[in-house]
Amino acid sequence: MSAKAVQTRRASVASVKSGGKDLEICLRLYVASWTPNSQRAEANLDAALREFTESTVYRVEIIDVLADGKRAVTDSVIVTPTLVALGPKRRLVMVGDLSDPGKLRGLLEAVASLG
Amino acid sequence: MRKSSAKQRPGPLKVRKSGRGAKHQPIRKKSTGIIGFDQITDGGLPEGRLTAVIGGPGMGKSLFGLQYLLHRLRTAGEPGLFVTFEEPIDRVRSNLAGLDWDFDSVPEDQLTLIDARLPADTVQVGSFDLTGLLAGLSARKAASGASNVVFDGIDLLIGSLNDEHLERRELARIDEWIREEGMSAIVTVKAYSSSEREQKRADLIQYLTDCVVRLEGTLFHATFSRTLRVMKYRGSGFAANAVPMAIGQSGVEVIPAEASRGGYPVFAERVSSGVPRLDAILGGGFIRGSSILVSGAPGTAKTSLAVSLVAAACAGGRKAVFVSFDESDVQIVANMKSIGVDLERHVASGHLAMVSLRSSGNSPEECFLKVWNSVQRHGPHVLVVDPLSAFSDTAYPFAYVIAENLIDLAKSKGITFLGTSLLGQGGGEIEISASHVSTIADTWLHVSYVVQNGERNRALTIVKSRGTAHSNQVRELALNGNGLDLVDVYAGEGKVLLGSARVEKQQEEMRTENLEEITYKRRKFELDHSIAGLKARAQEMIEELASKQREAELEESAEEFRIASRQTAVTQRGLIRRQADDTPVPLRPRIQRTGQKL
């Protein structure tokens, strides 16, 4: 798990918006390794990023709070899974297993938007 | 009133522990520092278990949790974690600023406040669990060695799961976690009895926790009265009744319904009542550490009696606390000057603490705490509550319990307690039933008015006095510029008289007696006088008799002489005339007859 835990996923490098510069979105997913909610969240996020983003670079970090309890303290993680998305204009926090693809996609778009 | 499981009290848990099999670990308890709570649960909260504190908003749930953590830290050196799901940390801190806890001095790593509120703009997508939080708490525990944790307002977070089963799962997760980590935990849960969902959550919590404490409040008139009830305690007996609770300067305080009773220190020492004759009647005064009830209608000098006790104690170098309701201390001090008692002096010397309370707007529990706090600050020998009926005669369900507790606490500390009670002018029987408190008072003095001849006088009766031989006689209570004293009432001719009637009767008796004395003297004088007169007359007559007798003697001797001389003459004449043979003899008897007549 830990090998996969911290990784950068480039969903698509094709089209470049905003003057040829990649738009980078940081995604931090806090999970509790073995719990069903967390495993579902990972899978759901993965699926969403695969089918959705063409123009944006997503840097995804997956943190297992059971392996790194101190990180849970410093980042004030309360529930798992928690997804923190940092875009150019705003920061969004999502909790839950991300089991609603439509809603997840909407939120990711909102983070990526420049307006 | 109690659950059957509690029947084995008060032969407390120790007895049952020994009866248990060695297989099962008897439950161990952690004191909460809330004395009354530890009393009703026989030791506090279960160690290594989950306790739920349920109640509406503002009932003191968070305070209960924080107080527990702070007590554990300060008395047992156990660090704690406080996880707040509702309030930001700075508000938690500011809530505690009004208390005497000195919370700011607590090191952050010893009692850690953890903000577990989700950010306001958090979006929920699907279901989640508390693993993240618990992982963080495990990390903190590893760092600080915390053994107690409070989850404050957990319903807010798990409620957003919007699923009964998921809620249940998360509570079970917490329970599992504390057992794994060896933590003792409190979860506080809001409860609104109205909603079905809340009710289900409350039921659920009952199943999942080992101890359930419910905090409730009721509004009586304009005053809020709080209660605490232990609804469940696995593996332990407990008092299941709702007991009065208050939130004061020191946080949550619980006043157990069941006073300790017995085991009081016993004193032979007497405490002067300040009324010399009353002391004499009571065999030297009140017994130290006893409780005295002074009952009577308004204006029967109940306060004066109470003040006498206080003043006597202070004059003897002892400390006293005088608690008055709805009358300012300044007023009392001024009033008591009129009967020659100078309370100001004792206040200035620090012997006397005057505490003025308002009965309206304060629940009996709050009043109790204020009284008790001043007792703890001042450490008095004598405690007066005037009137005690401010506690016992209100509509509050626990007013009586609180009055009892106050007396009980005073007794346990060897403090002589005097409470006044406003009672009507009914007969003795009514008076007795009117006040439960009288049953736990050791000495009961009743002051009543006796109306006679257009005036009211105060009559004092000792209704009872445990451990003291006392008179059954009604005494008149007299107030004057030098204080109080008792006066024997006039009892005679089948009547009992008080006040001016007594004085009048006594004066009338004195007048009658004077009059009788004068009459006697006069009669005596007159008799003496006439006896003396008679004696004088008798003397006179004796003297007269003597003189008459003397006269008679003289007369007789003169007659004898005359007869003799006449005989001589006759003889001589006979001799001369020789006619002697005639009749010289018959003359003699005739003369003798004449002499007898005299």
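The values are calculated or read from the model by the stated rules, or taken from the named source; none is laboratory data. Values in this document were obtained by computation on a predicted structure and should not be read as measured data. We place every Cβ from the backbone using ideal geometry, glycine too, and count neighbours over all the protein chains shown. Note: areas computed on protein heavy atoms with side chains; ligands, DNA, RNA excluded. Shrake-Rupley method; radii C 1.70, N 1.55, O 1.52, S 1.80 Å.
List pairs: first in segment B:279-308 and crowded, with 24+ Cβ neighbours inside 10 Å, second of a type in the set (D, E, K, R), Cβ under 6 Å, 6+ apart or cross-chain?
B:Ser290/B:Asp442; B:Ser291/B:Asp442; B:Val294/B:Lys302; B:Gly296/B:Lys302; B:Thr300/B:Arg458; B:Ala306/B:Asp386
Does segment A:42-63 contain at least one residue that is within 8 Å of chain B (Cβ to nearest Cβ), within 18 Å of B:Thr131 (Cα to Cα) and surrounded by 20 or more Cβ atoms within 10 Å (Cβ to Cβ)?
Scanning segment A:42-63 turns up no residue that is within 8 Å of chain B (Cβ to nearest Cβ), within 18 Å of B:Thr131 (Cα to Cα) and surrounded by 20 or more Cβ atoms within 10 Å (Cβ to Cβ).
Just checking, does segment B:2-23 include any residue being in contact with a Lys or Arg (Cβ under 6 Å, 6 or more places away or on another chain) and at pLDDT 50 or above?
No - not one qualifying residue is present in segment B:2-23.
Could you tell me how many of the residues in segment B:166-194 are among the polar types (S, T, N, Q) and open to solvent by less than 40 Å² (accessible area, probe 1.4 Å)?
The initial filter retains those residues of segment B:166-194 that are among the polar types (S, T, N, Q), namely B:184, B:188, B:193-194.
Within this subset, residues satisfying the condition of being open to solvent by less than 40 Å² (accessible area, probe 1.4 Å) are B:184, B:188.
Residues that pass the stated criteria total 2.
Of (1) within 23 Å of B:Ile205 (Cβ to Cβ); (2) among the β-branched types (Val, Ile, Thr); (3) not in a loop (DSSP other than H, G, I, E, B), B:Ile27 satisfies all except one. Which?
Condition (3) is where B:Ile27 drops out.
Here is a list of conditions, (1) closer than 19 Å to B:Lys370 by Cα; (2) in contact with an Asp or Glu (Cβ under 7 Å, 6 or more places away or on another chain); (3) crowded, with 21+ Cβ neighbours inside 10 Å, and B:His351 meets all of them except one; can you say which number that is?
It fails just one condition, (2).
Taking the condition of being among the hydrophobic types (A, V, I, L, M, F, W, C), under 16 Å from A:Ser33 (Cα atoms) and within 7 Å of chain B (Cβ to nearest Cβ), how many residues in segment A:73-90 meet it? Full working, then the answer.
Of all residues in segment A:73-90, those among the hydrophobic types (A, V, I, L, M, F, W, C) come to A:73, A:77-79, A:83-86.
From what is left, the residues that are under 16 Å from A:Ser33 (Cα atoms) are A:77-79, A:83.
Keeping just the survivors that are within 7 Å of chain B (Cβ to nearest Cβ) gives A:77-79.
Residues in segment A:73-90 being among the hydrophobic types (A, V, I, L, M, F, W, C), under 16 Å from A:Ser33 (Cα atoms) and within 7 Å of chain B (Cβ to nearest Cβ): 3 in total.
Looking at B:Gly126, B:Gly132, B:Gly136 in this structure, which one is in contact (Cβ under 8 Å) with a residue 12 or more places away in the chain, open to solvent by less than 50 Å² (accessible area, probe 1.4 Å) and either facing chain A (nearest Cβ under 7 Å) or assigned to a loop (DSSP other than H, G, I, E, B) (or both)? Before the answer, list the steps.
Numbers: B:Gly126 fails: in contact (Cβ under 8 Å) with a residue 12 or more places away in the chain; B:Gly132 fails: in contact (Cβ under 8 Å) with a residue 12 or more places away in the chain.
Going through B:Gly126, B:Gly132, B:Gly136 in turn, just one is in contact (Cβ under 8 Å) with a residue 12 or more places away in the chain, open to solvent by less than 50 Å² (accessible area, probe 1.4 Å) and either facing chain A (nearest Cβ under 7 Å) or assigned to a loop (DSSP other than H, G, I, E, B) (or both): B:Gly136.
Do the conditions hold for A:Ser113, that is, is it away from chain B (no Cβ under 13 Å) and open to solvent by 20 Å² or more (accessible area, probe 1.4 Å)?
Against the criterion (away from chain B (no Cβ under 13 Å) and open to solvent by 20 Å² or more (accessible area, probe 1.4 Å)), A:Ser113 qualifies.
Only one of (1) of a type in the set (Asp, Glu); (2) within 14 Å of chain A (Cβ to nearest Cβ); (3) part of a helix (DSSP H, G or I) fails for B:Asp121. Which number is that?
(3)
Scan B:Arg91, B:Arg117 and give me the residue that is open to solvent by 60 Å² or more (accessible area, probe 1.4 Å) and touching a residue at least 24 places away in the same chain (Cβ under 8 Å). Full working, then the answer.
Numbers: B:Arg91 fails: touching a residue at least 24 places away in the same chain (Cβ under 8 Å).
It is B:Arg117.
For the condition open to solvent by less than 10 Å² (accessible area, probe 1.4 Å) and more than 11 Å from chain A (Cβ to nearest Cβ), what is the one hit in B:Asp152, B:Asp163? Before the answer, list the steps.
Details: B:Asp163 fails: open to solvent by less than 10 Å² (accessible area, probe 1.4 Å).
Exactly one residue qualifies, and that residue is B:Asp152.
Of the residues in segment B:281-306, how many are at pLDDT 85 or above and within 13 Å of the chain's Cα centre (by Cα)?
Counting residues in segment B:281-306 that are at pLDDT 85 or above and within 13 Å of the chain's Cα centre (by Cα) gives 13.
If B:Lys30 satisfies every condition in (1) more than 20 Å from B:Gly217 (Cα to Cα); (2) modelled with pLDDT under 90; (3) open to solvent by less than 30 Å² (accessible area, probe 1.4 Å); (4) touching a Lys or Arg at 6+ places or on another chain (Cβ under 7 Å) but one, which is the exception?
(2)
So, in segment A:91-110, how many residues would count as being open to solvent by 60 Å² or more (accessible area, probe 1.4 Å) and facing another protein chain (nearest Cβ under 9 Å)? Before the answer, list the steps.
Looking only at segment A:91-110, we keep the residues that are open to solvent by 60 Å² or more (accessible area, probe 1.4 Å), and these are A:91, A:99-101, A:103, A:105, A:109.
From the residues that got through so far, the ones that are facing another protein chain (nearest Cβ under 9 Å) too are A:91, A:99-100, A:103.
Of the residues in that region, 4 qualify.
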